[in-house]
Amino acid sequence: MRILGIETSCDETAAAVVEDGRRLLSNVVRSSMDIHVAFGGVVPEIAARSHIESIMPVIEQALRDAECVWDDIDGIAVTYGAGLGGSLLVGVLTARTLAIAKDKPLYACNHVEAHIYANFLVEASPSLSAAYHLPTTAPAFPMLGLIVSGGHSQLVLWRDHFDYTLLGQTHDDAIGEAFDKVAKILGLPYPGGPSVSKKAMEGDPQAFRFPKARMPGRYDFSFSGVKTAVLRTAQAQIGETHQFPSHKLSERLSKLQKADIAASFQRVAIETVVDKTVLAAEEFKPGSIVIGGGVAASPELRRQLAERLHASSKDSGGQVPSLIQYTDPKLMTDNGAMIATLGCYHMLKDQPLADPYTLDIAPNLSM
Ligand code: KG4
Ligand code: ZN
């Protein structure tokens, strides 16, 4: 069974073909990020226009790379939310049109849920196998999922496919958004995750003690406090008051001050999500732990989480678990493969079909 996945929720126009929910046949991602960089963030109008230009060439490339013709495709999966309205519309209208024209079943996928499904890919076609480092086994249920992206920070427990509980989420900024805002304060390029990560390598993660928010919900997060603490620290470092404008900070901060702030912020932001994931792992004793979303590409997150889960299982006298397996970082940022994989499970588990004549976008969709 082969599903074509289409993803256009933000700035990436992406399409992929996945077989049986486990085998990657193609994965084509075209980003309009180059244009957005100049604006310091994604401009929705520009993103939507570039999706229109890229969507059909990207889909055609995904079919070619998978060595598929339309007859080989059993269904179409598309992101219908969450995301930018204009961007989602391009993907959804394209998928609806293709579903009608090619007479294929259509599956409407939740972008946030799909991020976790990237972890179910355990094989790649010969032409892709060298480029993707995939785990050898699919995650086991119950599965604890940490979703950390530019728009979402959520901890979710799946008992089975499509049977899950949202344990906690952010009360304000998403973690990726906090990285992006801190990058702006430090004058580092957008997107902030990779650029803060890179800067952090030159700094001391213990240089500043930024606060970790205490939340009423056991598994909830907050990132607005640490972001404000970064701003105040940067102002204090150059001997200015709270009134000093944030956009002028970067020209006054030294290279070392920037690196120390980046490293200290990254440590605390990542610790915040790792603390809650380890806590949930201890409470729910899942069969697997998976991460997804752009921030899940972060080497610091991968390092901290593995280290803390290792320590936690030793403390409890249990075996050091092979609970956590990380997939290729390329499958963590937005892509079509995660949508195609989730689409396969929609088909395998007889989830309701979407109506190609009426499927609407859901920009604020949550888990
Ligand atoms: O999942 P994604 O591609 O798009 C959304 O659904 O939001 O995530 C994008 C986010 C951005 O905030 C970006 O700064 C962050 O993921 N990101 C990273 C890294 N790569 C991307 N954050 C930390 N470290 C990285 N290596
Ligand atoms: Zn995403």
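The values are calculated or read from the model by the stated rules, or taken from the named source; none is laboratory data. Bear in mind that the values here come from a model prediction, so they are computed numbers and not experimental data. Positions of Cβ are backbone-derived with ideal geometry, glycine not excepted, and every protein chain shown enters the neighbour counts. We work out accessible area using only protein heavy atoms, side chains counted, and drop any ligands, DNA or RNA first. Shrake-Rupley method; radii C 1.70, N 1.55, O 1.52, S 1.80 Å.
Here region 62-133 has an Rg and Dmax of 14.0, 37 Å, counting Cα atoms alone. Pairwise Cα distances in region 321-367 exceed 18 Å in 56 percent of cases.
Ordering S153, S127 from largest to smallest accessible area (1.4 angstrom probe), what's the sequence? Working shown, then result.
Numbers: S153 0, S127 90 Å².
Solvent-accessible surface, decreasing: S127, S153.
Accessible surface ranking for F223, F208, F284, 1.4 angstrom probe, highest first: F284, F208, F223.
Taking E307, E271, E53, E123 and ordering them by how much accessible surface each has at a 1.4 Å probe, largest first, produces E53, E307, E123, E271. Calculated FRET efficiency, A207 and K330, Cβ-Cβ r, R0 22 Å, to nearest 0.05? Efficiency for this residue pair is about 0.10. Computed over protein heavy atoms with a 1.4 Å probe, the carbon and sulfur contribution to the accessible area of region 60-160 reaches 52%.
Relative to the longest principal axis of the Cα atoms of the chain, helix 175-186 runs at roughly 50 degrees. For F120, the accessible area of its heavy atoms, probed at 1.4 Å with every protein chain present, is near 10 square angstrom. Rounded to the nearest 10 Å², what accessible area does W70 have for a 1.4 Å probe in the complete protein model? W70 exposes around 50 Å² with every protein chain in place.
Over all directions, the projected convex hull of the C-alpha atoms in region 186-335 averages 10.2 nm² in area.
Projecting the Cα atoms of V37, T228, L359 onto the dipole axis of the chain, where Lys and Arg carry +1 and Asp and Glu carry -1 at the beta carbon, places T228 farthest toward the positive end.
So what's region 114-158 giving for Rg/Rh, alpha carbon basis, Kirkwood Rh from the mean inverse pair distance? Rg/Rh for region 114-158 comes to 1.05. Against the compact-protein benchmark of 2.2 N^0.38 Å, the Cα-based radius of gyration of the chain scales to 1.00.
With respect to the chain, whose longest principal axis is taken over its alpha-carbon atoms, helix 255-284 is tilted by about 60°. Mind giving me the FRET efficiency for T228 and M33? R0 is 30 Å, r the Cβ-Cβ distance, nearest 0.05 is fine. Efficiency at R0 = 30 Å is approximately 0.65.
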